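Each value in this text was obtained by applying a stated rule to the coordinates, not by laboratory testing. Bear in mind that the values here come from a model prediction, so they are computed numbers and not experimental data. As a convention, Cβ positions derive from the backbone with ideal geometry for all residues, glycine included, and neighbour counts pool all protein chains shown.
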Amino acid sequence: MTSQVAAGPFDAKAFLKSLPGHPGVYRMLNAQGEVLYVGKARHLKKRVSSYFRSSGMSDKTQALMNQMRAMEYTVTNTETEALILEFHLIQEHKPRYNILLRDDKSYPYLHLSKEDFPRLSLHRGPQRAAGRYFGPYPSAWAVRDSLNLLQKLFRVRQCEDSFFRGRSRPCLQYQIKRCTAPCVGLIDKAAYQRDVHDTVLFLEGRSSQVIDDWVARMEQAAAALDYEQAASYRDQIANLRRVQERQYVSGERGDLDIVACVARNGVGCVQVFFIRAGRNLGNKTYFPEGSDMDTAETLTAFLTQYYLSREVPAEILVNQPPEDADLLAQVLSEQVKRTILLTHKVRGERARWLALAVTNAEQALDARLASKAGIAQRLLALQEALQQDELPSRMECFDISHTLGEATVASCVVFDGEGPCKSDYRRFNIEGIEPGDDYGAMRQALTRRYTRLKQGEARLPDILFIDGGRGQLSTAHQVLDELQIGDITLVGIAKGEGRKPGLERLFLPGRDTPLILPAHSPALHLIQQIRDEAHRFAITAHRQRRGKARTTSVLEGIAGMGPKRRQQLLKQFGGLREVARAGVEDLTKVKGISKQLAQLIYDALHSERG
């Protein structure tokens, strides 16, 4: 049954008399008929009456009652029905006084396709394709980290099907031992399926069984005197044991979420750690809107909105008992047709994990409160400008610097949520390209950088900025495709008219027109900061390389070329570049340069250039 009171002077006494003592949901409305708040109650009359007491209400509740002009209520058969109805009404109306979870994006999963040579890949959205899904993961970065790890351990292909079908020779992944090249028949179906089977066992948390199988294979290879293969299994076993030590939660082999909620200064923070098949997949931070000092209320609202709309693990550890914990556990259990446990009293290893979640939540809250006007604001603006699913946590930017093609250097700078990560900066001395070929220099730098990242030198970025327009962006796209690196947002930064700051054009793959952000945009300010840092680092590295080359001339290493002859030669030709362009006959025209010495000079300069 639904009842409504018309807007106008609200007669609380009359309304309370009409309320039944049944479970239900109530809605508070303002003068315009907008829903301000949705709540559920085991006993409607008692719960709603508490809003009209003369004292003891929080500032938030007092502000709500000052704006409330009408109320509606819906009677339900059970409190369970009331909880579910409350959830759907909050999702529909998004009332300003309810705690809202702004997290409408789907979570990433690992997808293992179902075919002769299955592909392992990142997946978002409906799970319609045939095969197995593993997850959810807290972020795309966590999936990429797992994909990189699985490539090292099991070498199951991750390339697109179109790329796989079109190969006539092994790609770079085979050369760096990240794939067994099933595309060109370098591994048969049975052997490949063994790798797929091991991958599934690992993702199911049964890595001990994988190790037992590898030990048996190692012993068989050794008995057959195939010591090279036995050594390969030995190295794989060692790698997998190191992974076990780093990634597995002691004593856990099932699915578990650890949820910690803290609040301070009117801001609430919820930290979720994801344990799947005994593996720690990472954590995710939430700042529910409308949360305040009441952590029990915040936690209850979070758990309801979060788990009624996505996959629920078998157990959820929380740092304090939420309101109506038994009811929530019952509703979640009915939803997934199995028992769901909500636990807050834990000991031993689980208590340490829960304490770690609380520590992470407190640190995230500290950072949120301390950096609202700093880089956090810029990152939020960048996330919105580029329409990212998640807040960028790592960004890289590349720039090229040279002087008329001489001493070409590429720079790579790295930024995270706290600003520049100078220990992760890299410079690349570019060789073997035509002088002034910026595209070739960019291709070489990106290939070298991301080949190393694929091999585990560092984590991949969420966003890759390229100082340049469509041409440089296309080059970067080709390199990432060749290395089979996906789910990285590519952005080309082209200078605007007159090269004036604030007029930059941003090029993104698949977008016909450049994105132009307002000059006052915090997102643009962050992009400018990253671009300028890459430019500074590239110029510094280039000047160092050029200075070193000019202070150690190749002429100094030629027998018979003393200081006077070098000076004479450079004066006659106007510099080393012109000397390098000269032929043997031209060099002999300089006083003191014999034909034999001219040939030595010519050979030295041209071997240096090649």
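Quick notes on this structure:
- Sorted fewest first by neighbouring Cβ atoms within 10 angstrom, GLU160, GLU533 come out as GLU160, GLU533.
- Protection-proxy order for peptides 349-355, 325-331, 275-281, 184-190, each taking the mean of Cβ atoms within 10 Å per residue, highest first: 275-281, 325-331, 349-355, 184-190
- Here ASN30 and LEU225 are evaluated by their C-beta separation; at R0 = 60 Å the FRET efficiency comes out at 0.10.
- The string of couplings for segment 338-351 from the Karplus curve (6.51, -1.76, 1.60, θ = phi - 60°) is 7, 6, 10, 9, 10, 10, 10, 9, 10, 9, x, 4, 5, 5 Hz, one whole number per residue in order, with x for Gly and Pro.
- Relative contact order of segment 256-370, defined on C-alpha pairs under 8 angstrom at six or more residues apart (%): 31
- For SER18, SER333, SER146, SER423, order by how many other beta-carbon atoms lie within 10 Å, fewest first: SER423, SER18, SER333, SER146
- Relative contact order of segment 387-549, defined on C-alpha pairs under 8 angstrom at six or more residues apart (%): 24
- Relative contact order of the chain, pairs being alpha-carbon contacts under 8 Å that are 6 or more residues apart, as %: 8
- Under a 5 Å amide H cut-off, with hydrogens placed 1.01 Å from N, GLU315 pairs with ASP257, LEU341 among residues at least 5 apart or on other chains.
- Taking a straight Cα-Cα cut-off under 21 Å and skipping sequence neighbours fewer than 8 places away in the same chain, the lysines within cross-link reach of LYS284 are LYS105, LYS372.
- Note on LYS564: lysines with a C-alpha under 26 Å away, same-chain residues under 8 apart excluded, are LYS548, LYS589, LYS591, LYS595.
- Folded to 0 to 90 degrees: helix 563-573 orientation relative to the chain principal axis, Cα: 80
- Between the Cα long axis of helix 79-93 and the first principal axis of the chain there is an angle of about 50°, rounded to the nearest 10.
- Residues MET28, MET561, MET57, MET442 in ascending order of nearby Cβ atoms (within 10 Å, fewest first): MET57, MET561, MET28, MET442.
- On Cα atoms only, tilt of 375-385 relative to the major axis of the chain in degrees: 90
- In the chain, the DSSP-assigned H stretches of four residues or longer account for a calculated mean residue ellipticity at 222 nm of -14000 deg cm²/dmol, using -39500 (n - 2.57) per stretch and the full residue count as denominator.
- Under 11 Å from the GLU431 label point (7 Å along Cα→beta-carbon), backbone N, segment 387-407: none
- Residues in segment 472-502 that a label on ILE516 would reach, taking backbone N under 16 Å of a point 7 Å out along Cα→Cβ: 493-502
- Distance (nanometres) between label positions extended 7 Å along Cα→Cβ at LEU172 and GLN568: 5.0
- Across LYS152/LYS422; LYS40/LYS60; LYS60/LYS94; LYS46/LYS337; LYS13/LYS60, pairs whose alpha-carbon gap is larger than 24 Å: LYS152/LYS422; LYS46/LYS337
- Gain in span if fully extended, GLN335 to HIS197, counting 0.36 nm per residue against the direct Cα distance: 46.5 nm
- Using R0 = 30 Å, the C-beta based FRET efficiency linking GLN478 and LEU380 works out to 0.45.
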